[in-house]
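A short reminder: the numbers here are calculations on the coordinates, not readings from a lab. Small disclaimer: the values here were computed from a predicted structure and weren't measured. Cβ: placed from backbone, ideal geometry, glycine included. Neighbour counts: every protein chain shown.
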Amino acid sequence: MFRIAGIILAGAVFLAGCTTSNQPSQTAPLNWSLPNAAPQPVQAPPVKPPAPVVQSNAPPSVVVAPAPVTTWDALKVWAAAHNIGAPHRLASAPLLTYAIGSSNGVMVLGIGSLAATWNGVEIHLGFDPQFIDGDVFLHDLDLQKNLEPLLCEPPLTFGTNRVIVIDPGHGGANTGTRSVLDGRFEKEFTLDWARRMAPLLETNGWQVFLTRTNDTDVSLSNRVAFANAHHAALFISLHFNSAAPGETQHGLETYCLTPEGLPSTLTRGFPDIWSLRFPNNDFDARNLQLAVRLHTALLCATNMEDRGVRRARFLGVLRGQDRPAVLIEAGYLSNPAEARRIEDPAWREKLAEAVAAALK
Ligand SMILES: [Zn+2]
């Protein structure tokens with residue numbers, strides 16, 4: 001169901017997108033890519049704004065802080081206040097779908113769907129858009145944290161600080177997940193991807209530091225400290241995914257930290273306390289812009305299945321970062337076809353080239 005909006009718009013704008021250009025708490029997982037069941041988005045029940053929905057939107061096991069005052073706004077009113085054109089209806093069935101655009105690009109929203117698209121690439125909202133008395137309503141925080149950075153703010157640029165830290169996930173005894181084909185470990189592939197990326201980024205003017213250059217385990221908190229010590233302008237953590245023992249799930253996911261007040265796309269069973277704010281939340285807008293930039297480039301280069309730009313709050317390697325930071329899950333080692341690609345050095349070179357090209 002969540003994919004419908006993306007499918008509808010894919011033909012219209014996907015090509016345009018392609019041609020442009022831990023230790024924060026005891027709850028943080030030691031191993032981000034432990035085999036796990038397919039992540040499920042948190043579903044918002046249909047509600048009529050402005051009723052507060054924060055409590056009812058949370059899974060029952062999640063600890064939720066006292067509900068903040070929540071408000072919903074008519075999208076057309078918000079658009080007018082931001083000097084962009086009013087949303088217009090794209091489709092009525094099977095999903096009621098609206099598009100809203102600016103000179104930056106086009107966002108497509110499906111009523112009742114947490115999945116939206118930005119220039120044809122899937123992004124995940126905190127609350128599903130509602131259709132009330134003939135108008136589209138969005139949660140204020142989605143407007144502030146998801147629509148505004150993409151539709152209204154200047155696109156991501158890089159200043160004079162050209163230091164980037166690339167973080168090959170896992171290492172040493174922390175093996176990450178493993179290939180369904182032959183048991184090779186994620187840690188090997190993330191390191192190779194990073195090593196291929198470094199000279200390409202240097203060619204583009206970046207000074208590159210890797211959190212590890214060999215098969216050693218580095219704690220999540222030390223990966224954050226490493227980026228601080230190097231005064232990095234950007235931080236990118238590299239991973240490959242798993243849905244073992246399932247073998248069918250496949251595709252690309254790019255994560256950035258959940259903004260304060262919004263539910264996460266993925267919790268992996270960790271408490272998702274919406275009221276928490278982390279240092280990296282200072283970069284909410286640029287986190288999203290960076291995630292979208294990298295996600296789009298990787299999709300265009302590889303034609304992987306688009307599983308979306310997603311939000312998570314439990315990722316210790318991201319939330320303490322004092323800079324825009326994202327985590328990429330570039331395919332599933334539990335899927336035989338994707339594992340075969342990931343094991344191919346030429347494929348990893350392609351992944352490296354895509355990231356480097358996105359940061360030119
Ligand atoms: Zn991993």
For region 163-358, share of DSSP beta bridges that run antiparallel, in % to the nearest 5:
20 percent
Packing-based exposure ordering (other Cβ within 10 Å, fewest first) of R223, R348, R341:
R341, R348, R223
Mind putting a number on the dipole of region 163-358 about its Cα centre? Charges go on the C-beta only, +1 for Lys and Arg and -1 for Asp and Glu, and I need it in Debye to the nearest 20.
300 debye
Using Cα positions and a limit of under 17 Å, work out the aspartates and glutamates in reach of K145, with same-chain residues fewer than 8 apart set aside.
D73, E122, D128, E153, E260, D282, D284
Taking all pairs of distinct Cα atoms, average 1/r, flip it, and tell me the Kirkwood hydrodynamic radius of region 267-360 in Å to one decimal place.
14.7 Å
For region 154-197, what is one quarter of the convex hull surface built on the Cα atoms, given in nm²?
5.0 nm²
Quick one: Karplus J couplings for region 322-327, per residue in order, coefficients 6.51, -1.76, 1.60, θ = phi - 60°, nearest Hz, x for Gly and Pro?
9, 5, x, 8, 9, 10
Over region 163-358, volume per residue of the alpha carbon convex hull, in Å³:
107 Å³
